[in-house]
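Enquirer: Just passing along the structure, written as structure tokens.
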Amino acid sequence: MLLNKIIPVGACCLAAALLPRTSLLAENAIPDEYKTGGFFIGCQAYTFNHFTVFEAIEKTSRAGGKVIEFFPGQKLSKVEPDVVWDHHASSETIQKVKDKLAQFHLKAVNYGVVQVPQEEAQARVLFQFAKTLGLRAITTESVDAIDTIEKMVKEYDILVGFHDHPRRPNDANYKMWDPNYVLSVVKDRDPRIGSCADTGHWVRSNLKPVDCLRILKGRIISSHLKDLNEMGSNAHDLPYGTGVSDVPAILQELKDQGFAGNISIEYEYHMEDSLPEVAQCIGFVRGYGVGKQ
């Protein structure tokens, strides 16, 4: 489907332009020392979901990343394979992860995709975990909990990005693939609520990522940046700059928007041995930054 058949791009850009100009910098904004090529780029730990949290931290560092986004359910380490890493982790487990991050000079910045409960007490467990770990943001698709999310965002000063998976032809109720729908969800909410822009899933939905980013201008909290081999649902990941996603244009658009969130490489191809390709992605962003100086 062409993007302008959903809502005309010009109209969407106008709507985005009318959004509040409030800064999306949370109290725990990511320090500049964690930038590479002008961006806070690292891995979504799901890239290494065949491995443990500790291994994901090490592999992200070896690839050249300086930040990491965790997801719930990954095993903690080879030494403690029965310990699951999520927002219910004990204080002892959280400290072990902090120590491992410090060992590899890596900063945890995001967590998701995770369900946010509508019930405030349960949601508070998630947001307190994010605060304790020093995260900037949480990634979710829990539209039904938007009122609770807004209350927690104001209480904890943790940003929330709504993630998009690909369009589901047999499920008309799934709307997160459409940036116009995400905009409709967040536009009248606290400006710390916006989009986790998964560019690969937009490509799988036959949408152009740059057009989607422009629709959501001012509301991009974070990004799962992907370059894919083709448009459509059967596409797979490639190193940045070798696919159809137009990564240079995406990076330029993010830069033009003053994007201050993390870019997560969520590489779901050659997953047993993806480190060389992940490193190529980080190298591409590093080179982009040098070229733009």
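The values are calculated or read from the model by the stated rules, or taken from the named source; none is laboratory data. These numbers were taken from a predicted model, which means no experiment stands behind them. As a convention, Cβ positions derive from the backbone with ideal geometry for all residues, glycine included, and neighbour counts pool all protein chains shown. The protein model used for the area step is the full one, side chains on, heavy atoms only, and it has no ligands, DNA or RNA in it. Shrake-Rupley method; radii C 1.70, N 1.55, O 1.52, S 1.80 Å.
Enquirer: Students often forget the sequence filter, so: which aspartates and glutamates lie under 13 Å Cα-Cα from Lys187 once same-chain residues fewer than 8 apart are removed?
Expert: Hits, sequence-local ones excluded: Glu150.
Enquirer: Considering the options Ala108, Thr132, Gly283, tell which one lies farthest towards the positive end of the dipole of the chain, charges being +1 on Lys and Arg and -1 on Asp and Glu at the Cβ, about the Cα centre.
Expert: My answer, from the dipole projection, is Gly283.
Enquirer: If you don't mind, there's one more thing I want to ask. Name the residue, out of Pro209, Pro179, Pro276, whose mean-square fluctuation peaks in a Gaussian network model built on the chain with Cα pairs under 10 Å.
Expert: In this elastic network of the chain, the residue with the biggest mean-square fluctuation among Pro209, Pro179, Pro276 is Pro276.
Enquirer: Let me check I've understood the local charge: for Tyr34, count other residues with C-beta under 11 angstrom from its C-beta, Lys and Arg +1, Asp and Glu -1. What total comes out?
Expert: +2
Enquirer: Could you tally the net charge around Phe71, taking each other residue with its Cβ under 11 Å from the Cβ of Phe71, Lys/Arg +1 and Asp/Glu -1?
Expert: Within the 11 Å Cβ shell, the charges total -3.
Enquirer: Leaving ligands, DNA and RNA out of it, rank Arg189, Arg214 by accessible area with a 1.4 Å probe, largest first.
Expert: Arg214, Arg189
Enquirer: Relative to the Cα centre, what is the charge dipole magnitude of the range 132-194, using +1 at the beta carbon of each Lys and Arg, -1 at the beta carbon of each Asp and Glu, and rounding to the nearest 20 debye?
Expert: Rounded to the nearest 20 debye, it is 140 debye.
Enquirer: In percent, what relative contact order does the chain have, based on Cα pairs under 8 Å that are 6 or more apart in sequence?
Expert: Reported as a whole number, the value is 21 percent.
Enquirer: Then there's this: In Å², and per residue, what accessible area does the chain have when probed at 1.4 Å with the other protein chains present?
Expert: 42 Å²
Enquirer: Could you work out how much longer the chain between Asp99 and Lys154 gets when fully extended? Use 0.36 nm per residue separation minus the Cα distance between them, nm to one decimal.
Expert: 16.9 nm
Enquirer: Taking the highest mean first, how do the peptides 250-257, 63-70 order by number of other beta carbon atoms within 10 angstrom per residue?
Expert: Ranked by mean Cβ neighbours within 10 Å, highest first: 63-70, 250-257.
Enquirer: Where does the chain land at 222 nm, in deg cm²/dmol rounded to the nearest 500, when only DSSP H runs of n ≥ 4 count, each adding -39500 (n - 2.57), divided by all residues?
Expert: Computed ellipticity for the chain at 222 nm equals -10500 deg cm²/dmol.
Enquirer: Hey, got the dipole for the range 50-183? About the Cα centre, +1 on K and R Cβ, -1 on D and E Cβ, debye to the nearest 20?
Expert: I would put it at about 580 debye.
Enquirer: Distances over 26 Å make up what percent of all Cα-Cα pairs in the range 135-253?
Expert: 19 percent
Enquirer: While we're here: Under a point spin-label approximation (7 Å from Cα along Cα-to-Cβ), what is the Lys35-Thr132 distance to one decimal in nm?
Expert: Using points 7 Å along Cα→Cβ, the separation is 3.2 nm.
Enquirer: Select from His224, Tyr46, Val84 the residue farthest towards the positive end of the dipole of the chain; place +1 on Cβ of Lys and Arg, -1 on Cβ of Asp and Glu, and compute about the Cα centre.
Expert: Projecting each Cα onto the dipole axis, the largest value belongs to His224.
Enquirer: Give the aspartates and glutamates whose C-alpha is closer than 17 Å to that of Lys78, dropping any in the same chain fewer than 8 places away, or say none.
Expert: Excluding near neighbours in sequence, the set is Glu55, Glu58, Asp86, Glu92, Asp99, Glu272.
Enquirer: So, one more: Relative contact order, percent, of the range 35-167 when contacts are C-alpha pairs under 8 Å separated by at least 6 residues?
Expert: Contact order relative to length: 19 percent.
Enquirer: With 10 Å bins from zero, work out the P(r) of the chain over every alpha carbon pair and list the percent per bin.
Expert: That works out to 7, 30, 38, 22, 3, 0, in percent per bin.
Enquirer: Could you sort Tyr34, Tyr46 by accessible area so the largest value comes first, with the probe set to 1.4 Å?
Expert: Final ranking, largest accessible area leading: Tyr46, Tyr34.
Enquirer: If you don't mind, another one. Suppose every K and R has +1 on its Cβ and every D and E has -1 on its Cβ; what is the size of the dipole of the chain about the Cα centre, in Debye to the nearest 20?
Expert: Value, rounded to 20: 720 debye.
Enquirer: So, one more: With a 1.4 Å probe and all protein chains left in place, how much of the accessible area of the range 92-237 comes from carbon and sulfur atoms, in whole percent?
Expert: 44 percent
Enquirer: For Val244, what is the net charge nearby, where nearby means another residue's Cβ is under 9 Å from its Cβ and Lys, Arg count +1, Asp, Glu -1?
Expert: Local charge sum for Val244: -3.
Enquirer: Compute a Gaussian network model of the chain, connecting alpha carbons closer than 10 Å, and tell me which residue from Ser77, Ser264, Ser205 fluctuates the most.
Expert: Checking each option, the largest mean-square fluctuation is seen for Ser77.
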